[in-house]
Amino acid sequence: RAKLRIEPPTGNIDLNEDKVFICKVEGEAEELRWFDKLGEEIYPDASDRFSLESSEYDLQLLIRNAQVDDNGVYKCTAEAENGDEIERSISIKVIQRVTFDNVISNLEFDESDVATLDCIVTGIPEPTVSWTRDGQDVTRQDRFQKLENNSLVIRNIQPSDAGIYFCVGRIAARNEQESKSIAVKVNYAPRLISPAPEVVFTWLGNPVNVLCSVESFPQATFNWSHRGRELGESANVSIVANGDVSVSVVEVTVDSEADLGEYICNASNRLREVSRSIWVKEGGFPSAPQNLTVEPHSTTAQVSLGKPASDGGIPILGYKLEWKSDGAEWSSKMTESETFQIVELEPFTLYQFRAAARNGKGLGEYSKNVTAKTLSIREYTVSVQL
């Protein structure tokens, strides 16, 4: 018995697509015909958008520039050898995949603005639209809202809101999902980064770095002044930038007291300027080390000391340790450690010990002398502390 078959068997057509449906005869039949969704016969070259092409065993229906109005049931018929009419139908559905129109992929706003991210999403059937960032639905946050036209509004936008947002369109019926990324930048005025030293100690003849750190977008520009004068191009100024953080470093060489005093850093972008003062002061010598302790043995002594109460504003570089027996000259040793072993001492001998701390400016005052007697070869260790 003759029968008809339509290829392809499903009638989905993308919007504006051209597609051919072939009605094929299996067996003996003749007079193949196509009918549209209204039941009216389609003739060869019936219109610009519908046409037929035939061969001995099939009749092809060509639909050009498919539109939503073309949706419906189309039928192919033929007359079997016994005179009966046979038919096969196909349901034509014009679909549109998730499509994004005129989406701007890079947007820039100023801090505290009401930011609007537009996203026109079309599809057939109509897609649902959501907004995500870092895989999370942003509309659950208080300042974020999706409007009826699917645009995303961010109220009082903050620098922390900068990043990549995704406009996601989904057609659940086809399990179809597409997304479009939008990069958002937020301009904000320079902000001073703390902690940063407000006073830097140095000494005459020693260069010192004065730092000014800010966070901003766009990157800040820096201007330095000292005693009412701008530091010109001859000043040794460098800028290091890492993302939104910029650090300006000016190297100050203190040749005289005129180079000391207040240095003012001004950092600005088009939104605002901020300033901070850094004072360059002459540091002092360190005070004496605290808690000098001597643990004598027969020919050695273990010396421990504590940090000075004051480093003079300049980091401690090390210590000078001195010792002597009665009537002898002072022996000395420089060390960076706060513990030190003195060797080659005479057994059963009275020694005096003292220490001074050293910073970049020089050697500070000595501690009070500590007296300790080395042991005889057979004596036990005794600890003496001032």
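Key figures
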read-out	value
Residues within segment 158-178 that are surrounded by fewer than 16 Cβ atoms within 10 Å (Cβ to Cβ) and among the acidic types (Asp, Glu), tallied	1
Any hit, segment 288-302, residues being within 30 Å of residue 254 (Cα to Cα) and either of a type outside the set (Lys, Arg) or outside the structural domain of residue 208 (by TED's automatic domain parsing) (or both)	yes
Selection count where residues are under 15 Å from residue 275 (Cα atoms), touching a residue at least 60 places away in the same chain (Cβ under 8 Å) and of a type outside the set (A, V, I, L, M), scope segment 185-211	4
Residue selected from segment 349-367 under the condition in a loop (DSSP other than H, G, I, E, B) and modelled with pLDDT of 95 or more, by the criterion farthest from residue 285 (Cα to Cα)	349
Condition check for residue 285: under 30 Å from residue 369 (Cβ atoms), aromatic (Phe, Trp, Tyr) and surrounded by 15 or more Cβ atoms within 10 Å (Cβ to Cβ)	yes
Matching strands (runs of 3 or more DSSP E) fully within segment 71-181 where at least 3 residues are at pLDDT 95 or above and over 30 Å from residue 61 (Cα atoms)	106-110, 115-117, 128-133, 144-146, 152-154, 163-171
Filter result for the condition that a residue is in the same structural domain as residue 16 (by TED's automatic domain parsing), polar (S, T, N, Q) and more than 13 Å from residue 182 (Cβ to Cβ), over 91, 112	91
Residue match in segment 278-297 (condition: touching a residue at least 60 places away in the same chain (Cβ under 8 Å), under 25 Å from residue 188 (Cβ atoms) and of a type in the set (A, V, I, L, M, F, W, C))	yes
Check on residue 324, surrounded by 14 or more Cβ atoms within 10 Å (Cβ to Cβ), basic (Lys, Arg) and more than 30 Å from residue 216 (Cβ to Cβ)	yes
Selection within segment 179-212 - more than 24 Å from residue 259 (Cα to Cα) and hydroxyl-bearing (Ser, Thr, Tyr)	179, 181, 188, 194
Subset of segment 145-157 that is in contact (Cβ under 8 Å) with a residue 24 or more places away in the chain and surrounded by 18 or more Cβ atoms within 10 Å (Cβ to Cβ) - its residue that is nearest to residue 276 (Cα to Cα)	157
Of all residues making up segment 227-270, the number that are more than 20 Å from the chain's Cα centre (by Cα) and not in a strand (DSSP E or B)	16
Subset of segment 210-226 [hydrophobic (A, V, I, L, M, F, W, C) and in a strand (DSSP E or B)]	210, 211, 212, 214, 217, 222, 224
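Residue-wise test of (1) loosely packed, with under 15 Cβ neighbours inside 10 Å; (2) among the small types (Gly, Ala, Ser); (3) under 29 Å from residue 11 (Cβ atoms); (4) touching a Leu at 6+ places or on another chain (Cβ under 6 Å).
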| site | (1), (2), (3), (4) |
| --- | --- |
| 70 | no, no, yes, no |
| 77 | no, no, yes, no |
| 89 | yes, yes, yes, no |
| 98 | no, no, yes, no |
| 101 | yes, no, yes, no |
| 105 | yes, yes, no, no |
| 115 | no, yes, no, no |
| 126 | yes, no, yes, no |
| 142 | yes, no, no, no |
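The values are calculated or read from the model by the stated rules, or taken from the named source; none is laboratory data. Just so it is clear, the structure is predicted and the values come from calculations on it, not from any experiment. Here the Cβ is made from the backbone with ideal geometry for all residues, glycine too, and neighbour counts use every protein chain on show.
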